[in-house]
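This report concerns only the one structure given below.
The values are calculated or read from the model by the stated rules, or taken from the named source; none is laboratory data. Here the structure is a predicted model, which is why all the values come from computation and not from measurement. Positions of Cβ are generated from backbone atoms using ideal geometry, with glycine treated the same way; all protein chains shown enter the neighbour counts. Calculation scope for accessible area: heavy atoms of the full protein, side chains included, ligands and nucleic acids excluded. Shrake-Rupley method; radii C 1.70, N 1.55, O 1.52, S 1.80 Å.
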Amino acid sequence: LVRERDRAVDVAVRELERVLQQAEWQRERLARAVAERDELNELSRRLGEQCRGMASDLEAAEAALAQLDAEVAELSDDGAARALAERRTEVAVLEQEQESRRVLYESRRREIARLERQIAEQAQRSAALQGELAQALVRPVRWRETLFGLRDRGAGRFVEVGPGKVLK
């Protein structure tokens, strides 16, 4: 009888250890996901700063181009026309670079949003698991269902063991 009781206690302890291990894994996954989210937020912030810097560079290039257009109108010289064409080429290159960075920024922003959704889902699963563990500690024992379940699984002899006369 004592061996059967010890075996039942061992099974319950192993199951509780398994559930606690799963909760710990979920907590670790959530911590990693939060760290990844923070890293991606920092990356997003830096990309935003780069894009703002590129926008001001582009504005300066456009202002220089407008100034060159005015000078060309005054001079109508071939050299000025070539300089204007070179400047326009430079502006086109800057615009292409800015578009490439914008596309990269948008791609990273979408990736950040996807990771944030994953983090939220993991946090919900972790919270649900924590709630289930908390409930397992405070909800009433379903003794009758447990005994019928053990009987259905082939157990034939049951022994109640506890301190004092608690289980009478």
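To keep it simple, each residue is scored yes or no on (1) modelled with pLDDT under 85; (2) under 30 Å from GLU160 (Cβ atoms); (3) surrounded by 13 or more Cβ atoms within 10 Å (Cβ to Cβ); (4) not β-branched (Val, Ile, Thr).
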{"position": "ASP6", "(1), (2), (3), (4)": "no, yes, no, yes"}
{"position": "SER44", "(1), (2), (3), (4)": "yes, no, yes, yes"}
{"position": "GLN50", "(1), (2), (3), (4)": "yes, no, yes, yes"}
{"position": "GLU74", "(1), (2), (3), (4)": "yes, no, no, yes"}
{"position": "THR89", "(1), (2), (3), (4)": "no, no, no, no"}
> Given the conditions (1) surrounded by 12 or more Cβ atoms within 10 Å (Cβ to Cβ); (2) in a helix (DSSP H, G or I), which single one is not true for VAL161?
Replying inline: (2)
>> Take the conditions under 32 Å from the mean Cα position of the chain (by Cα) and either in contact (Cβ under 8 Å) with a residue 24 or more places away in the chain or assigned to a helix (DSSP H, G or I) (or both) and apply them to LEU58. Does it pass?
In response: no
> Which condition does ARG101 not pass, out of (1) open to solvent by 100 Å² or more (accessible area, probe 1.4 Å); (2) assigned to a helix (DSSP H, G or I); (3) without any contact (Cβ under 8 Å) to a residue 40 or more places away in the chain; (4) not small (Gly, Ala, Ser), if it passes all the others?
Replying inline: (3)
> Within the range 134-146, can you find the residues that are in a helix (DSSP H, G or I) and loosely packed, with under 10 Cβ neighbours inside 10 Å?
Replying inline: GLN135, LEU137, VAL138, ARG144, GLU145
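Determine which member of the set GLY149, GLY154, GLY131 is assigned to a loop (DSSP other than H, G, I, E, B) and among the small types (Gly, Ala, Ser).
GLY154
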>> Exactly one of these conditions fails for GLY131: (1) without any contact (Cβ under 8 Å) to a residue 12 or more places away in the chain; (2) more than 30 Å from ALA61 (Cβ to Cβ); (3) open to solvent by 90 Å² or more (accessible area, probe 1.4 Å). Give me its number.
In response: (3)
> Any idea which of ALA33, ALA23 is assigned to a helix (DSSP H, G or I), surrounded by 14 or more Cβ atoms within 10 Å (Cβ to Cβ), modelled with pLDDT of 85 or more and out of contact with any Ser or Thr (no Cβ under 9 Å at 6 or more places or on another chain)?
Replying inline: ALA33
